[in-house]
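Trainee: Take this structure first; my questions come after.
The values are calculated or read from the model by the stated rules, or taken from the named source; none is laboratory data. These numbers come from a predicted model, not from an experiment. Glycine also receives a Cβ, built like all others from the backbone with ideal geometry; neighbour counts cover every protein chain displayed.
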Amino acid sequence: VQLQASGGGLVQAGGTLRLSCEASGSISSLDSINWYRQAPGKQREWVAVITWLGTTNYLDSVKGRFTISRNNAGNTVDLQMNNLNVDDTGLYYCNARAAGAVYWGQGTLVTVSS
């Protein structure tokens, strides 16, 4: 499974961004796709997940602001991020889990200015 993340950028606080994670390869074996982020000087943290069944879950600090969704083909997962704040700044990674294996894409940088 190969993952390609895109959509990062610079935005002012209160703004919006939409990240996309495109999966290729053996996507029929995917159990879930997650978004993680890593702020400067901090550890990587989990942000959101969507399972193959469509179940979603979110980090408490992004609930009500971020929405994870998947296209019908199941090969693209988006993360809609609204009302961004400076604490959302970081390198965002998508991660796929399939049959016990974990795959990572490259990060896409989100910078929120005050």
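Trainee: Looking at (1) farther than 23 Å from Val102 by Cα; (2) over 11 Å from the mean Cα position of the chain (by Cα), which is the one condition that is false for Gln43?
Mentor: Among (1) farther than 23 Å from Val102 by Cα; (2) over 11 Å from the mean Cα position of the chain (by Cα), Gln43 violates only (1).
Trainee: Which of the following residues is farther than 15 Å from Val1 by Cβ and touching a Leu at 6+ places or on another chain (Cβ under 8 Å): Leu59, Leu84, Leu53? Lay out the reasoning, then the answer.
Mentor: Working: Leu59 fails: touching a Leu at 6+ places or on another chain (Cβ under 8 Å); Leu53 fails: touching a Leu at 6+ places or on another chain (Cβ under 8 Å).
Just one listed residue meets the conditions, Leu84.
Trainee: From the list Trp52, Trp35, exactly one residue is under 20 Å from Asp87 (Cβ atoms) and either crowded, with 19+ Cβ neighbours inside 10 Å or at pLDDT below 95 (or both). Which is it? If you could, list the steps in order and put the result at the bottom.
Mentor: On the way: Trp52 fails: under 20 Å from Asp87 (Cβ atoms).
Sole residue among the options that is under 20 Å from Asp87 (Cβ atoms) and either crowded, with 19+ Cβ neighbours inside 10 Å or at pLDDT below 95 (or both): Trp35.
Trainee: Within region 62-75, work out how many residues are hydroxyl-bearing (Ser, Thr, Tyr) and more than 20 Å from Gln2 (Cα to Cα). Reasoning before the result, please.
Mentor: Initially, region 62-75 is screened for residues hydroxyl-bearing (Ser, Thr, Tyr), giving 67, 69.
Remaining after also requiring more than 20 Å from Gln2 (Cα to Cα): 67.
Number of matching residues: 1.
Trainee: Please work out which residue is farthest from Phe66 (Cα to Cα), limiting yourself to region 19-30 and to residues that are surrounded by 15 or more Cβ atoms within 10 Å (Cβ to Cβ) and not hydrophobic (A, V, I, L, M, F, W, C).
Mentor: Initial filter on region 19-30 (surrounded by 15 or more Cβ atoms within 10 Å (Cβ to Cβ)): 19-23, 27, 30.
Among the residues that remain, those that are also not hydrophobic (A, V, I, L, M, F, W, C) are: 20, 22.
Details: Ser20: 13, Glu22: 18 Å.
That would be Glu22.
Trainee: Sticking with this structure for a sec: Could you check how many residues of region 17-44 are part of a loop (DSSP other than H, G, I, E, B) and under 16 Å from Leu91 (Cα atoms)? First the steps, then the outcome.
Mentor: Applying the first criterion (part of a loop (DSSP other than H, G, I, E, B)) to region 17-44 yields 25-26, 30-31, 39-44.
Then drop every residue that is not under 16 Å from Leu91 (Cα atoms), which leaves 39-44.
Here the count works out to 6.
Trainee: When region 55-90 is examined, which residues are found to be among the basic types (Lys, Arg), surrounded by 14 or more Cβ atoms within 10 Å (Cβ to Cβ) and either in contact with a Lys or Arg (Cβ under 9 Å, 6 or more places away or on another chain) or modelled with pLDDT of 95 or more (or both)? Reasoning before the result, please.
Mentor: Start the filter on region 55-90 by keeping residues that are among the basic types (Lys, Arg), which leaves 63, 65, 70.
This time we only want the ones that are surrounded by 14 or more Cβ atoms within 10 Å (Cβ to Cβ), so: 65, 70.
If the condition is that a residue be among the basic types (Lys, Arg), surrounded by 14 or more Cβ atoms within 10 Å (Cβ to Cβ) and either in contact with a Lys or Arg (Cβ under 9 Å, 6 or more places away or on another chain) or modelled with pLDDT of 95 or more (or both), then Arg65 is the only one that fits.
Trainee: Hey, can you tell me all the residues within region 1-47 that are over 20 Å from Ser61 (Cβ atoms), hydroxyl-bearing (Ser, Thr, Tyr) and without any contact (Cβ under 8 Å) to a residue 60 or more places away in the chain?
Mentor: Scanning region 1-47 gives Ser20, Ser24, Ser28.
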